[in-house]
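Take a look at the structure below.
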Amino acid sequence: MRVERRWRWVPAAASIAALSICATGCGDLSRAELSRGVESLSALAAQGGLIANGVARDATKSTYSRVMAKTLGDEAEHEAEKLADATPSPEVTRERDAAVQIAGEIAQLFSELRTFPGDERHGVLVQRHMREAKERADAVVTRLTGEAP
Amino acid sequence: MRAIFKIALGIIAALGGFLDIGDLVFNTQAGALFRYDLLWAVVLGTAGIAVYAEMCGRVAAVTQRPVFDVIRMRLGFGMGLVGLIASTLVNLLTVAAELGGLAIILELLFDATFSMFVVVAAIGLVVVVALLPFGGIERLFGYCGLMMLVFIATALHQGPDWGEVAHGFVPSFSGSTLYLYFVVGVFAAALMPYEVHFYSSGAIEEGWTESSLRENRLNAIVGYSLGGILACALVVSGFLFHPVGVDPSDLGTVALPAQGAFGETGLLLALGGMMFCIGGAAVDSSFSASYNLAQFLGWEWGRYRGPRKAPRFTASWLVFLFLAMLIVLSGINPVEITEYSVVFSVVALPLTYLPILMIAGDRSFMGKHANGRVSTLLGWAYFALIVVLAVAAVPLLLATNGGGG
């Protein structure tokens, strides 16, 4: 009986711990977290632009472009899913939606690069669209942080 | 003429064994994240490995004792066992990282499933080791690893601001934990313990004696210096990613600057060079794991003895390779394994380098070939640095979320 009483605090402590974890980890998507996510989208678009540049100049190996496009495209898709699943704080909802859209576009561009890794014309287009996606991601970061990335 | 040729071969072999997946990842990321600010850490790490490799080679040539023999002799069975366990775990992680890196490069070149290439890479390494003698293995990876010179050409092609590059060689510290994490990473990637284990056992495999000491010094100093120049070139070429905010954490991204500078030829040279450097490191690190075990337990060891005369050594090498293959096939990202293996190697470094330092300075053991004043001073200065970094490594890994910021 005494033993049972001694351990009575455990469920209460576990509940407090679970609530604390939810309060810190499962809460709204903060401005800083969103900003970091969008910065990584900008970096993915920049990397995509460099790969597409190789395709556009016919200065790469198609297996390399295809595998890189697959790897980075998966990362962009994962980022899009992560952002879409998160609950944004009310003041960053618009930026979150914009970020999800940009992530989806970047993933789509990588998919195109993966399908046509040796096509120079597609390379030129993807490079241009990657640059535009990066500019839009950078603009979102500026809106979120108040300073240019 | 023959002597010069032999020294040149040794230098190339040392160059081929120096750069591995850890150097490729950490140095390129260092350039992307901190511009040229970490060049001093590359130089510091390169000088450190040259100092200790020279000592290891000297001890092996004079006493015919490789590193782990010395570790057990100096530290005793208990501490020696701790060193063995620590270095075996780090070596196993390193072999897994190198094998995974090799599979990534093969995937980029031939585009089939990653897991298939992990198996292909492991079988390829077994075939190379089975077919070639020790010197042949070193030369294959050393010569072909010279394709990495494309990174020097790439760095020059980028037309860096040489004033800023020169400034990067002056040690600087910022309060950023990420910067400190990369100082540890870049330094540790140059001083991975398997490099000295392999170097010293390799000296015995190649039959070095006291007459090989000049060759040893040249190999260590010139070979590792060339490796250091290549590592600096990776930092400078990584600068390409800095203005656009790319973190080159994918191995394929490391080759992008060479493609940007020299098109498909540059890309193929970069991927080829990386493949042979990583392949060489996979052989070195897996051999090191088996050397350490065999030397600690007193087994017959050495590639020159062949599988029949050193069956447990050969079997343990195959087991290490197999375990590494399982680790990579479990789905863990090889670059993440690399980061952990590099950081945890820092923790194991003191156990490797202290006994070397003690025995290399022991006149009763080394006679006239014991450490002189300069070697002693450099050795202890590096050891002090290694201890500081060993203490800081894991907290920095945790504070920066494995370099993720």
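The values are calculated or read from the model by the stated rules, or taken from the named source; none is laboratory data. All of these numbers come straight from a predicted model, not from anything done at the bench. Don't worry about glycine lacking a Cβ; one is built from the backbone with ideal geometry, like all the others, and counts go over all protein chains shown.
Looking at (1) modelled with pLDDT under 95; (2) within 14 Å of chain B (Cβ to nearest Cβ); (3) surrounded by 15 or more Cβ atoms within 10 Å (Cβ to Cβ), can you tell me which one A:R96 breaks?
Condition (2) is where A:R96 drops out.
Under 9 Å between Cβ atoms, at least 6 apart or on separate chains: pull out the pairs that start in the range B:203-232 with a residue that is on the phi > 0 side of the Ramachandran plot and end on any residue that is in a helix (DSSP H, G or I).
B:G207/B:Y304
Identify all residues within the range A:127-141 that are under 15 Å from A:R31 (Cα atoms) and away from chain B (no Cβ under 13 Å); write none if there are none.
Scanning the range A:127-141 gives A:A139, A:V140.
So, in the range B:260-297, how many residues would count as being buried (at least 24 other Cβ atoms within 10 Å of the Cβ), within 23 Å of B:A86 (Cβ to Cβ) and free of Cβ contacts under 8 Å to residues at least 40 places away in the same chain?
Qualifying residue count for the region: 1.
All but one of (1) within 16 Å of B:L44 (Cα to Cα); (2) in contact (Cβ under 8 Å) with a residue 40 or more places away in the chain hold for B:G402; state the number of the condition that does not hold.
For B:G402, the failing item is (1).
Residue-wise test of (1) surrounded by 24 or more Cβ atoms within 10 Å (Cβ to Cβ); (2) outside any loop (DSSP other than H, G, I, E, B); (3) under 12 Å from the mean Cα position of the chain (by Cα).
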{"site": "B:L180", "(1), (2), (3)": "no, yes, no"}
{"site": "B:A188", "(1), (2), (3)": "yes, yes, yes"}
{"site": "B:F198", "(1), (2), (3)": "yes, yes, yes"}
{"site": "B:G207", "(1), (2), (3)": "no, no, no"}
{"site": "B:R214", "(1), (2), (3)": "no, yes, no"}
{"site": "B:A220", "(1), (2), (3)": "yes, yes, no"}
{"site": "B:S237", "(1), (2), (3)": "yes, yes, no"}
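Which of (1) over 27 Å from A:Q47 (Cβ atoms); (2) outside any helix (DSSP H, G or I); (3) not hydrophobic (A, V, I, L, M, F, W, C) is the odd one out, the single condition B:G331 does not satisfy?
Among (1) over 27 Å from A:Q47 (Cβ atoms); (2) outside any helix (DSSP H, G or I); (3) not hydrophobic (A, V, I, L, M, F, W, C), B:G331 violates only (1).
Looking at (1) modelled with pLDDT under 95; (2) within 12 Å of chain B (Cβ to nearest Cβ); (3) touching a Gly at 6+ places or on another chain (Cβ under 7 Å), which is the only condition A:L83 fails?
That leaves (2) as the condition not met.
Considering only residues that are closer than 22 Å to B:L38 by Cβ and out of contact with any Leu (no Cβ under 8 Å at 6 or more places or on another chain), look in the range B:245-275 and name the one that is nearest to the other protein chains (Cβ to nearest Cβ).
It comes out as B:G245.
Given (1) surrounded by 24 or more Cβ atoms within 10 Å (Cβ to Cβ); (2) more than 11 Å from every other protein chain (Cβ to nearest Cβ); (3) more than 24 Å from B:A103 (Cα to Cα), where does A:S42 come up short, assuming only one miss?
That leaves (2) as the condition not met.
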